[in-house]
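Participant: Pasting a structure below so you can have a look.
The values are calculated or read from the model by the stated rules, or taken from the named source; none is laboratory data. These numbers were taken from a predicted model, which means no experiment stands behind them. Neighbour counts are summed over all protein chains in view; Cβ atoms, including those assigned to glycine, are modelled from backbone coordinates with ideal geometry. Areas reflect the complete protein model, heavy atoms only, side chains present, ligands, DNA and RNA absent. Shrake-Rupley method; radii C 1.70, N 1.55, O 1.52, S 1.80 Å.
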Amino acid sequence: MTVHGVVRRAGVLALAGALLTAALPATAANEPGESVPSGVVVVDGQDVPVLGSFTFRKGWDPRSPEVVGFVHGVRRVEGGTAVYYSLGLAPDADEDLLAESVFESASPDDAAYATEIGLVDVASTTMYSPLRDVDSTFATATRDLSTDPGALVVGWAVFPALPPTTTTVQVRMPSGTIVPGVPVEDGALEPVSDEPAPLLGAGWPRLPEGAELAAADPAAVTWTLLRRSGDLQAIAQAQESPRDVAVTLDTNVLFATGATDPGSPAQTVLAGLAADIAARGTGEVVVTGHTDADGTDEFNQTLSENRALAVRESLEPASGGGVTFVSAGKGESEPVASNDTDEGKQANRRVTVVYTLKGGGQ
């Protein structure tokens with residue numbers, strides 16, 4: 001299939017449909033729930049691999065413009081692992097809300113770069129962020145991602161070198177959006193464009209040379225996502241037996257006061273938890289919400305149910321097909337500490353996630 005001009009003029013959503021349709025084999029049935037297979041389409045005369053798609057709104061805010069995009073490659077290159085992606089805004093978006101505005105950075109040092117991207121190695125439950133040294137962050141500058149609504153622009157990021165045994169990864173895009181099952185391949189994409197972030201179909205960004213990456217410290221951007229001792233933000237505490245894993249998520253960090261959507265700081269932890277469930281989980285995953293005793297019984301029951309559902313909806317898409325999810329709320333009925341102190345109330349505000357390990361108890 002050849003797509004002429006629509007990359008620059010037609011709506012991103014229409015293009016998404018065209019690309020994904022082109023990626024399907026002619027004999028394949030596009031059944032509901034079926035993942036989009038890998039494929040190659042021709043965009044303005046250039047072969048474009050399509051390995052996955054994503055949509056998101058910044059911070060899950062319905063007032064934010066919808067961003068649509070594709071993952072085009074996870075490639076082993078000298079000194080690291082390169083990710084190529086494209087993204088753009090729907091054609092009816094406010095022209096002042098350009099693509100660079102969808103990226104947020106937890107570090108002021110990285111604010112000028114599109115660093116809200118990660119790689120998750122499911123098998124080892126390891127997550128990687130883009131490499132950086134004292135002078136540079138090895139990712140597309142956000143200013144270069146500015147483009148007109150209705151156009152797709154290509155970005156890149158270079159991560160630490162993956163283990164030779166890693167054959168697929170999850171690509172984490174902004175707002176915790178996960179693109180699962182992306183194959184790891186060899187070599188940079190060609191042809192190379194002179195533009196730092198070319199329009200899709202006009203070549204691929206030039207990557208830094210291996211010598212440029214040599215000063216970056218891979219350990220500084222590599223994390224094991226699930227530990228029995230808890231994550232660095234103290235969002236999750238895990239207890240593991242030979243049979244199952246019980247994770248307690250601190251809703252004081254996971255949610256803003258009274259909110260039922262997980263905030264940005266929680267997404268790395270939830271991505272890691274989903275990766276562990278995908279790698280090791282089986283059977284039923286039980287997600288349960290709990291509150292303190294402030295407020296009415298009815299309010300707390302509803303809040304606990306909604307928060308459990310929100311965590312379930314964050315985990316389920318990236319947790320693989322080997323598990324099923326159920327969620328429930330217990331309100332204030334199962335405290336783990338006294339509600340007479342602030343510390344006790346904080347401990348009672350939680351969501352638990354329990355799942356069985358493959359081969360557990362055998």
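Participant: Expected output is a single nm value to one decimal: the length gained when fully extending between Thr224 and Thr165, i.e. 0.36 nm times separation in residues minus the C-alpha distance. What is it?
Facilitator: Gain on extension, Thr224 to Thr165, equals 19.6 nm.
Participant: Any idea what the dipole of the stretch 291-362 comes to, in debye rounded to 20, about its Cα centre with Lys/Arg Cβ at +1 and Asp/Glu Cβ at -1?
Facilitator: Charge dipole, the stretch 291-362, about its Cα centre: 500 debye, nearest 20.
Participant: If you don't mind, there's one more thing I want to ask. Compute the distance in nm between two label points, each set 7 Å from the Cα along the Cα-to-Cβ direction, one at Val192 and one at Asp294.
Facilitator: In this crude label model, Val192 to Asp294 measures out at 5.6 nm.
Participant: Got a sec? Charge dipole of the stretch 283-362, +1 on Cβ for Lys and Arg, -1 for Asp and Glu; which of Ala328, Ala318, Thr291 is way out at the positive end?
Facilitator: Selected residue: Ala318.
Participant: With a point put 7 Å past each Cα toward its Cβ, work out how far Ala214 is from Val354 in nm, to one decimal.
Facilitator: 5.4 nm
Participant: Related question: Tabulate in residue order the Karplus-calculated ³J(HN,Hα) for the stretch 39-44, using 6.51 cos²θ - 1.76 cosθ + 1.60 with θ = phi - 60°, rounded to whole Hz; enter x for Gly and Pro.
Facilitator: x, 10, 10, 9, 10, 6
Participant: Let me ask something additional. Within the set of other residues whose C-beta is less than 12 Å from the C-beta of Glu212, count the net charge using Lys and Arg as +1 and Asp and Glu as -1.
Facilitator: Net charge in that neighbourhood comes out at -2.
Participant: Could you compute the net charge surrounding Gly203? Neighbours are other residues with a C-beta less than 12 Å from the C-beta of Gly203; K and R count +1, D and E count -1.
Facilitator: -4
Participant: Let me ask something else about it. With a 1.4 Å probe and all protein chains kept in place, how much accessible area does Arg312 have, in Å² rounded to the nearest 10?
Facilitator: 60 Å²
Participant: Put Glu209, Glu116, Glu334, Glu66 in order of accessible area, largest first, 1.4 Å probe: what do you get?
Facilitator: Of Glu209, Glu116, Glu334, Glu66, the descending order of accessible area is Glu209, Glu334, Glu66, Glu116.
Participant: Solvent-accessible area of Thr167, probe 1.4 Å, all protein chains present, reported in Å² to the nearest ten, please.
Facilitator: Surface accessible to solvent at Thr167 totals approximately 90 Å².
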